[in-house]
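Encoded as structure tokens, the structure appears first; notes follow it.
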Number of protein chains: 2
Amino acid sequence: MAHNISTPTQALSLADIERLVTRVFRVNGCDEANTAALTRTVVAAERDGALSHGLFRVPGYVASLRSGKVNGAADPQVAASLPAVVRVDGDNGFTPLAIERGIPALASAAKKLGVAALAIRRTYHFAALWPETEALADQGLFGLACVNNMPVMAPFGGDAPLFGTNPLAWSWPRPGKAPVTCDMATSAMAYGDIQIAAREGETLPPGCGIDADGQPTTDPAEVLAGSLLPFGGHKGSAMALLVELLAGGAIAEPFSDEAGAADNGDGGPVRGGELILALSPEMLAGDEWASHCEAFFQRFAAIQGARLPGAARHKMRLDDATREVNSRLLDEIEALAH
Amino acid sequence: MAHNISTPTQALSLADIERLVTRVFRVNGCDEANTAALTRTVVAAERDGALSHGLFRVPGYVASLRSGKVNGAADPQVAASLPAVVRVDGDNGFTPLAIERGIPALASAAKKLGVAALAIRRTYHFAALWPETEALADQGLFGLACVNNMPVMAPFGGDAPLFGTNPLAWSWPRPGKAPVTCDMATSAMAYGDIQIAAREGETLPPGCGIDADGQPTTDPAEVLAGSLLPFGGHKGSAMALLVELLAGGAIAEPFSDEAGAADNGDGGPVRGGELILALSPEMLAGDEWASHCEAFFQRFAAIQGARLPGAARHKMRLDDATREVNSRLLDEIEALAH
């Protein structure tokens with residue numbers, strides 16, 4: 001979100017941000033449980049400097065509450081229907097409350113069985129994935145999560161969109177430290193960044209997308225009318241396909257193209273299943289697992305120029321100063337509180 | 001392996017290949033069970049046209065048998081030590097027999113629990129990963145496998161090797177059809193292809209590697225003296241790190257740099273743990289899972305230019321004609337049979 005630097009900003013404390021979004025969600029039809037879960041998600045993103053998943057998403061959340069697509073009073077139900085699989089029916093709500101209710105059962109199953117999965121259905125995901133994988137890492141578990149979304153990306157070699165930007169995230173626990181966390185879209189560039197580049201009249205780096213005729217282009221407006229492309233050619237495309245299958249086919253949730261076709265276009269998230277895996281390194285590898293991995297992370301850190309995924313975000317987390325919020329966005333959100 | 005086209009070849013039937021490698025493994029100290037498992041692995045690779053994992057690997061297998069590093073009479077033991085985790089102790093053998101013994105228990109656990117893992121320790125992996133993930137797909141299960149290897153690749157931004165080329169494979173079952181299978185190194189280019197490019201005096205595409213000073217180079221000899229690079233920048237690098245953690249840290253097996261440091265340099269595989277996950281779409285998604293996914297694959301196939309991963313290999317599999325084998329390689333392997 002380097003784009004924001006040149007636009008006017010306003011300093012808010014995290015407590016101010018929390019109060020603002022709490023009011024916005026309440027006013028727009030969320031009950032207390034959903035308001036609290038959504039607010040935690042937005043504030044965590046702003047705290048960590050993950051601006052594209054914080055306040056930036058609030059207008060979209062509100063649009064889907066106002067259109068009636070998403071149930072602000074959703075009451076997600078947890079069912080452990082298979083020994084190693086926890087299911088949550090999200091009751092057509094946003095995903096954060098479903099995640100918060102499902103994670104304890106998933107963690108419990110993984111600690112008992114060694115590995116377990118959480119399948120979240122009938123929800124709308126519009127946030128980063130690291131809150132859920134880090135919640136598992138906080139309990140000493142490896143967590144991996146993926147989710148489908150709006151179909152805006154072509155498979156490698158293809159000329160039309162089929163995949164979402166299909167993010168995949170994982171966290172590796174480091175007792176006493178922030179986990180190693182990777183949370184990445186499988187697209188070469190984030191959708192929001194392409195939208196902003198189009199608004200600002202910027203040119204994209206090569207390889208980010210194709211136009212409506214399937215031809216490579218660096219014009220962000222043409223990419224938005226055509227297709228984004230996966231990162232890393234055919235390998236990144238295979239990762240996007242893997243996410244489609246795990247978050248869609250594996251749990252009887254829509255593929256991204258089905259979700260897009262069924263959506264009302266209100267600007268909020270489309271329906272998208274989420275699959276979360278948890279694995280206990282302590283149970284699989286024994287007592288020495290943490291020191292074995294910590295020594296590896298030290299060797300990693302000793303390599304000139306190498307950075308562990310998530311480190312920049314975790315550093316930002318420790319900064320309890322105010323956050324600079326885009327003034328136009330802030331005005332827009334404040335208007336939604338009435 | 002397009003490199004091979006200009007070199008002399010000799011036509012062999014798959015039965016001829018099977019007889020040849022059976023003799024080679026027997027003569028070099030493998031017992032019947034290991035000979036059969038290794039031969040199946042090599043023949044399957046040649047059958048599918050996966051030349052870099054077929055006969056090409058035989059001299060390396062033999063080198064590790066002759067050096068005494070790998071136990072040709074290994075008797076891998078299966079233990080289901082946690083409800084959702086099957087462990088195999090590979091007894092310092094090559095991995096194929098350990099896989100063949102562990103997969104039935106893994107499949108059984110996944111069908112009962114929904115999801116399960118197989119942790120293979122104390123083995124030497126020198127083959128493709130799709131044989132194991134496709135063995136799971138043949139039983140209607142999603143399978144994912146990963147393995148560490150020799151440290152030859154720098155993390156993104158780094159100037160020295162730490163990771164192996166860390167492959168990751170997965171297969172999605174399609175009842176009555178070959179599965180969708182992706183088996184990919186997390187390096188931008190395969191190590192063997194860089195070796196061949198060096199031998200032939202070729203230049204690499206940009207982005208494949210760095211020299212010993214950490215500077216980008218397209219000279220394959222300089223990359224071999226320096227480091228390979230991950231595919232897809234920081235995202236591919238994070239995938240390589242994920243493989244290190246799952247195949248090493250999660251199951252108390254060596255990280256690639258530890259495996260490299262402990263190896264005797266005989267030219268065969270280094271010790272490397274393997275983690276395999278299995279998930280039952282039928283149990284998680286219900287009876288409609290296959291038709292839901294099949295309709296998606298049809299929409300995928302309808303996109304001009306898009307190809308499902310593994311399709312070229314599965315087409316080659318159906319061809320029961322002879323295979324063209326590099327004559328120099330064939331001479332080398334025949335010499336190993338005495």
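Please specify each residue of the stretch B:162-196 satisfying the condition of being surrounded by fewer than 22 Cβ atoms within 10 Å (Cβ to Cβ) and touching a residue at least 60 places away in the same chain (Cβ under 8 Å).
B:ARG174, B:PRO175, B:ALA178, B:ALA190, B:GLY192, B:ASP193, B:ILE196, listed by residue number.
From the set of residues in the stretch A:278-323 that are among the charged types (D, E, K, R), part of a helix (DSSP H, G or I) and in contact (Cβ under 8 Å) with a residue 24 or more places away in the chain, which is farthest from A:SER13 (Cα to Cα)?
Among those residues, the one meeting the criterion is A:GLU282.
Among the residues of the stretch B:219-241, what is the count of those that are within 22 Å of A:ALA306 (Cα to Cα), surrounded by 23 or more Cβ atoms within 10 Å (Cβ to Cβ) and of a type outside the set (Ser, Thr, Tyr)?
13
Between a first residue in the stretch B:146-157 that is in contact (Cβ under 8 Å) with a residue 60 or more places away in the chain and within 11 Å of another protein chain (Cβ to nearest Cβ) and a second residue that is of a type in the set (Asp, Glu) and surrounded by fewer than 24 Cβ atoms within 10 Å (Cβ to Cβ), which pairs have beta carbons less than 8 Å apart while being 6 or more apart in sequence or on different chains?
From the stretch B:146-157, the pairs are B:PRO151/B:ASP257.
Out of (1) part of a strand (DSSP E or B); (2) over 30 Å from A:VAL27 (Cβ atoms), what's the single condition that is false for A:LYS111?
For A:LYS111, the exception is condition (1).
Looking at B:THR22, B:THR35, can you tell me which residue is assigned to a helix (DSSP H, G or I) and within 22 Å of B:ARG271 (Cβ to Cβ)?
B:THR35
Go through the stretch A:114-128 and give me each residue that's out of contact with any Phe, Trp or Tyr (no Cβ under 9 Å at 6 or more places or on another chain) and assigned to a loop (DSSP other than H, G, I, E, B).
Listed by number, the residues that qualify are A:GLY114, A:ALA128.
Taking the conditions exactly as written (under 25 Å from B:GLU100 (Cβ atoms) and surrounded by fewer than 22 Cβ atoms within 10 Å (Cβ to Cβ)), does B:ARG313 satisfy them or not?
The answer is yes for B:ARG313.
Any residue in the stretch B:130-142 that is in contact (Cβ under 8 Å) with a residue 40 or more places away in the chain, surrounded by 24 or more Cβ atoms within 10 Å (Cβ to Cβ), more than 10 Å from every other protein chain (Cβ to nearest Cβ) and in a strand (DSSP E or B)?
No, the conditions are met nowhere in the stretch B:130-142.
Output the residues belonging to the stretch A:204-225 that are without any contact (Cβ under 8 Å) to a residue 60 or more places away in the chain and assigned to a loop (DSSP other than H, G, I, E, B).
Correct list: A:LEU204, A:PRO205, A:PRO206, A:GLY207, A:CYS208, A:ASP211, A:ALA212, A:ASP213, A:GLN215, A:THR217, A:THR218, A:ASP219.
Among the residues of the stretch A:229-272, count how many are outside any helix (DSSP H, G or I) and within 14 Å of chain B (Cβ to nearest Cβ).
Number satisfying all stated conditions: 9.
Across the stretch A:160-201, what is the number of residues that are assigned to a helix (DSSP H, G or I) and of a type in the set (Gly, Ala, Ser)?
3
Quick one: which of B:VAL325, B:VAL243 is under 30 Å from B:PRO104 (Cβ atoms) and not acidic (Asp, Glu)?
After applying the criteria, what remains is B:VAL243.
Among A:ALA98, A:ALA105, A:ALA119, which is surrounded by 24 or more Cβ atoms within 10 Å (Cβ to Cβ), of a type outside the set (Val, Ile, Thr) and within 14 Å of chain B (Cβ to nearest Cβ)?
A:ALA119
Let's see how each residue does on (1) out of contact with any helix residue (DSSP H, G or I) (no Cβ under 6 Å at 6 or more places or on another chain); (2) more than 28 Å from A:MET189 (Cα to Cα):
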position	(1), (2)
B:ARG174	yes, yes
B:ALA190	yes, no
B:ILE196	no, yes
B:PRO206	yes, no
B:ILE210	yes, no
B:ASP219	yes, yes
B:ALA225	yes, yes
B:ALA240	yes, no
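Mind listing whichever residues of the stretch B:301-310 are facing chain A (nearest Cβ under 7 Å) and either exposed (fewer than 13 other Cβ atoms within 10 Å of the Cβ) or more than 26 Å from the chain's Cα centre (by Cα) (or both)?
Answer for the stretch B:301-310, where residues must be facing chain A (nearest Cβ under 7 Å) and either exposed (fewer than 13 other Cβ atoms within 10 Å of the Cβ) or more than 26 Å from the chain's Cα centre (by Cα) (or both): B:ILE303, B:GLN304, B:GLY305.
Which of the residues belonging to the stretch B:280-293 are acidic (Asp, Glu) and loosely packed, with under 15 Cβ neighbours inside 10 Å?
B:ASP287, B:GLU288
Here, each number is a calculation from the coordinates, and none is a lab measurement. Worth saying up front: this structure is predicted, and the values here are computed from it rather than measured. Cβ coordinates were reconstructed from backbone atoms using ideal geometry, including for glycine residues, and neighbour counts include every protein chain displayed.
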